Amino acid sequence: MFEARRTHTRKRQALIAAHAELRERGVPQATAALLAQTGTTLFHNAFERWIEDSKKRDLAHHLQQALTELRLLTAETGTGKRRGKTSSKGGAKLSDRRRRDS
């Protein structure tokens, strides 16, 4: 899939690089970099889960699982709760989600 879109992606990237307004998101550069790196890491994590998944669930499932775990972890960090406790929104414990999705 990626190889088939290489030419298009190169053109798109060159256009974005040439026009700052296409890169602007109204946030400081450091914040934008953090978000971009987080997105890349999230994709990489989900991709590894996907290729190793014996249940053959689709990549979207693994992306959602990784994003859910990230949300739970950041919510716990923000409220001072320890890992494995219920999130402030009443969601499942992170450890419970990992067991269920494994």
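The values are calculated or read from the model by the stated rules, or taken from the named source; none is laboratory data. Keep in mind that what you see is a predicted model, and the values were worked out from it rather than measured. Positions of Cβ are backbone-derived with ideal geometry, glycine not excepted, and every protein chain shown enters the neighbour counts. With ligands, DNA and RNA removed, areas are computed over all heavy atoms of the protein, side chains included. Shrake-Rupley method; radii C 1.70, N 1.55, O 1.52, S 1.80 Å.
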*asked:* Looking at 58, 53, 96, can you tell me which residue is modelled with pLDDT under 90 and either of a type outside the set (Val, Ile, Thr) or surrounded by fewer than 13 Cβ atoms within 10 Å (Cβ to Cβ) (or both)?
replied: 96
*Can you tell me which residue within segment 67-93, out of those that are outside any helix (DSSP H, G or I) and in contact with a Leu (Cβ under 7 Å, 6 or more places away or on another chain), is modelled with the lowest pLDDT?*
87
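Yes/no per residue for (1) open to solvent by less than 60 Å² (accessible area, probe 1.4 Å); (2) at pLDDT below 95:
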residue: 2; (1), (2): no, yes
residue: 9; (1), (2): no, yes
residue: 13; (1), (2): no, yes
residue: 18; (1), (2): no, yes
residue: 23; (1), (2): no, yes
residue: 47; (1), (2): no, no
residue: 65; (1), (2): yes, no
